[in-house]
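Only one structure is covered here, and it is reproduced in the block below.
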Amino acid sequence: MIFNALKPKIGALISDSGSKDQILQSICELLKLEIPHYDWVGFYFKNGNKEELKLGPYAGTPTDHTIIPFGKGICGQVAVSNQNFVVPDVKAQDNYIACSISVRSEIVVPLFVDGQNIGQIDIDSNTPDAFTAKDERFLEFVCQSVATLL
Ligand code: SME
């Protein structure tokens, strides 16, 4: 199982001496490279005191959506719900921000530090209905690991 093989690699990256952004960048690139259904991988973080998310490190096609207001799109909804959001078919979502026409499904998992939702990991897939509970558990592990850095 690819996820179990990746967990120690995530742990090793977290223990690296690089900057926080370099480590997050390496995690994005690792996940995009190793997991076939992960076509865009990025982190968004709460932008200071503003009720908006700001794009952090990512791997994949550049997106225009570097700032997302709370409540807007899948990401903005997770910023206020504090819940994982799995979207099997992005076309069926009213409150969705398209970054690329090739994207068919998406998963967003919130990142908590001291119980506060301070950001999230966002994955886009070009495969319809690509994500299962296994992705949720793995991405929760990634977010918990990253939280130790923040
Ligand atoms: N689709 C997201 C926007 C971010 S992009 O996927 C990179 C959303 O609806 O919030």
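Of the accessible area of region 2-147, with the probe set at 1.4 angstrom, what percent is carbon plus sulfur? Please list the in-between numbers first.
Details: 3550 of 7170 Å².
Ligands and nucleic acids excluded, carbon and sulfur give 50 percent.
In whole Hz, what ³J(HN,Hα) sequence does region 107-120 give by Karplus (6.51, -1.76, 1.60; θ = phi - 60°), x for Gly and Pro?
Once θ is set to phi - 60°, the couplings for region 107-120 become 9, 10, 10, x, 10, 10, 10, 6, x, 9, 7, 10, x, 5 Hz.
Short version: ³J(HN,Hα) in whole Hz for each residue of region 16-24, in order, from phi by Karplus 6.51 cos²θ - 1.76 cosθ + 1.60 (θ = phi - 60°), x for Gly and Pro, what are they?
Per-residue couplings from phi come out as 4, 8, x, 5, 4, 5, 5, 5, 4 Hz.
From the backbone phi of region 62-71, what are the Karplus-calculated ³J(HN,Hα) couplings (6.51 cos²θ - 1.76 cosθ + 1.60, θ = phi - 60°) in whole Hz, Gly and Pro given as x?
x, 10, 6, 8, 7, 10, 10, x, 3, x
Take the alpha-carbon centre of region 110-150, take the same for region 27-85, and report the distance between them in whole Å.
Each part reduced to its Cα centre gives a spacing of 10 Å.
Along Cα→Cβ, 7 Å out, is where each label goes; now give me the distance between the ones at E140 and L33 in nm to one decimal.
2.8
Build a GNM of the chain with springs between Cα atoms under 10 Å: which of A59, A133, A79 gets the top mean-square fluctuation?
For the chain, modelled as a Gaussian network with Cα springs under 10 Å, the answer is A133.
Beyond 18 Å, how much of the Cα-Cα pair distribution for region 25-144 remains, as a whole percent?
Pairs farther apart than 18 Å: 44 percent.
Given 0.36 nm per residue, what is the gain on full extension from L149 to S19 after removing their alpha carbon distance, in nm?
Details: separation 130, 0.36 × 130 = 46.80 nm, distance 0.97 nm.
Answer, rounded to one decimal: 45.8 nm.
Rounded to the nearest 500, what is the 222 nm mean residue ellipticity of the chain from helices alone, with -39500 (n - 2.57) per DSSP H run of 4+ residues and division by all residues? Please report the intermediate quantities before stating the final value.
Working: 4 runs with 52 residues, N = 150.
Per the formula, -11000 deg cm²/dmol.
Using a probe radius of 1.4 Å on heavy atoms only, what accessible surface per residue do you get for region 1-84? Whole Å² is fine. All intermediate terms of the calculation are to be shown ahead of the outcome.
Details: 4380 Å² over 84 residues.
I get 52 Å² per residue for region 1-84.
Can you list the residues, at least 5 places off or on another chain, whose amide H is less than 5 Å from the amide H of G71, using H built in the peptide plane?
Amide H neighbours of G71: G76, Q77, A79, V80.
Gain in length, T132 to F3, computed as 0.36 nm per residue apart minus the alpha-carbon separation, to one decimal in nm?
Values: separation 129, 0.36 × 129 = 46.44 nm, distance 1.23 nm.
Contour length minus the Cα-Cα distance gives 45.2 nm.
The values are calculated or read from the model by the stated rules, or taken from the named source; none is laboratory data. Note that this is a predicted model, so its numbers are computed, not measured. When we count neighbours, we look across all protein chains shown, and the Cβ atoms used for this are built from the backbone with ideal geometry, even at glycine. With ligands, DNA and RNA removed, areas are computed over all heavy atoms of the protein, side chains included. Shrake-Rupley method; radii C 1.70, N 1.55, O 1.52, S 1.80 Å.
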